[in-house]
Amino acid sequence: MASEIPACLPPLEPSRPRVPPPPNACDTHAHVFGPAGLFPYADDRSYTPPDAPREKYLAMLDMLGFDRGVLVQGSAHGRDNSAMLDALTHHGDRLRGVAVAEADVSAETLRKWAKVGIRGLRFNHFFRDGQLHYKGGIPLAVAKVHAPVIAELGWHLQLWIDVKDLPETIPALKAIGLPVVVDHMGRTDARAGTQTAGFQSLLRAVGEGWCWSKLSGAHRLSQNAPDYPEARAFHEALVRENPERLVWGGDWPHPRIEGAMPDVGHLFELFQSWTPDKAVQHRILVTNPARLYGFS
């Protein structure tokens, strides 16, 4: 029953960063949810988010000073991408998206989505206690079905994974043969440190260039709000390894977080503090996302 599904807190009102991002900067990881009256949530879902419609999302981008954004299908809407596709349809000059697609979604449908601004498909390989942690996601095995069309369209495979499971997953990813984007710096527990086999495998994959990582989710690696100091070493290791395969995202409206709700404006200021080189900032915020998501 829906009453048994945990409800998420609403996001904090974002603060305006003291130093704005450069022109054409892109926040590459956020979600739109609802409004539920127009875009119902999936019956089989792991959480119920607060309505976070496109108007509120765009206001967040404006407050942070980002000209561009990438929406990622959140599992609360299950396999129905309608809320995200609606946002892309209305704001195609500014937004791109990463969708989910079951195995029976046709190549024709994927090609239609590409015209609206979809640039990748997201797959759920995030396990807790041997079970997929989020209901409504698409398992990685489905990527093989769509791989030819993903390659034809120049898309990528976005992977929601805890890097502890990445070493054993890399052979399957390489067999699929698509560019891979890993969410949230590998979404591990920062207390484990950066020398684990899982995080080291992510560093190698990013260094080899076939894998990208999002410099996002400091608040998911660490619960030590608001500065998440344990996450900094992961961020800095990825930047040292290969800044040409990194993008940044705020993860607004932060669904199903474990710990205090972050301020997305402060998360961006942490990115600036942890990435002091302005040229590297520009590459991660502007150059890389323009290439990965097809902004002109």
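The values are calculated or read from the model by the stated rules, or taken from the named source; none is laboratory data. Quick caveat: nothing in here was measured; it's all calculated off a predicted structure. Here the Cβ is made from the backbone with ideal geometry for all residues, glycine too, and neighbour counts use every protein chain on show.
Report yes if Ala225 is touching a Pro at 6+ places or on another chain (Cβ under 8 Å) and not β-branched (Val, Ile, Thr), otherwise no. For Ala225, the condition - touching a Pro at 6+ places or on another chain (Cβ under 8 Å) and not β-branched (Val, Ile, Thr) - is met. Is there a residue in the range 21-31 that is in contact (Cβ under 8 Å) with a residue 40 or more places away in the chain, surrounded by fewer than 20 Cβ atoms within 10 Å (Cβ to Cβ) and in contact with a His (Cβ under 9 Å, 6 or more places away or on another chain)? Yes, that holds for at least one residue. When His235 is tested against (1) out of contact with any strand residue (DSSP E or B) (no Cβ under 8 Å at 6 or more places or on another chain); (2) at pLDDT 95 or above; (3) within 28 Å of Ser46 (Cβ to Cβ), only condition (1) is not met. What do you reckon, is Asp44 exposed (fewer than 13 other Cβ atoms within 10 Å of the Cβ), under 22 Å from Arg256 (Cβ atoms) and not aromatic (Phe, Trp, Tyr)? The answer is yes for Asp44. Which of the residues spanning the range 183-221 are within 17 Å of the chain's Cα centre (by Cα) and of a type in the set (Gly, Ala, Ser)? Correct list: Gly186, Ser213, Ser216, Gly217, Ala218. Only residues that are surrounded by 17 or more Cβ atoms within 10 Å (Cβ to Cβ), over 16 Å from the mean Cα position of the chain (by Cα), of a type outside the set (A, V, I, L, M) and part of a helix (DSSP H, G or I) were counted in the range 53-95, giving 2.
Give me a count of the residues in the range 162-198 that are of a type in the set (Lys, Arg), assigned to a helix (DSSP H, G or I) and touching a residue at least 60 places away in the same chain (Cβ under 8 Å).
The number of residues fulfilling the criteria is 0.
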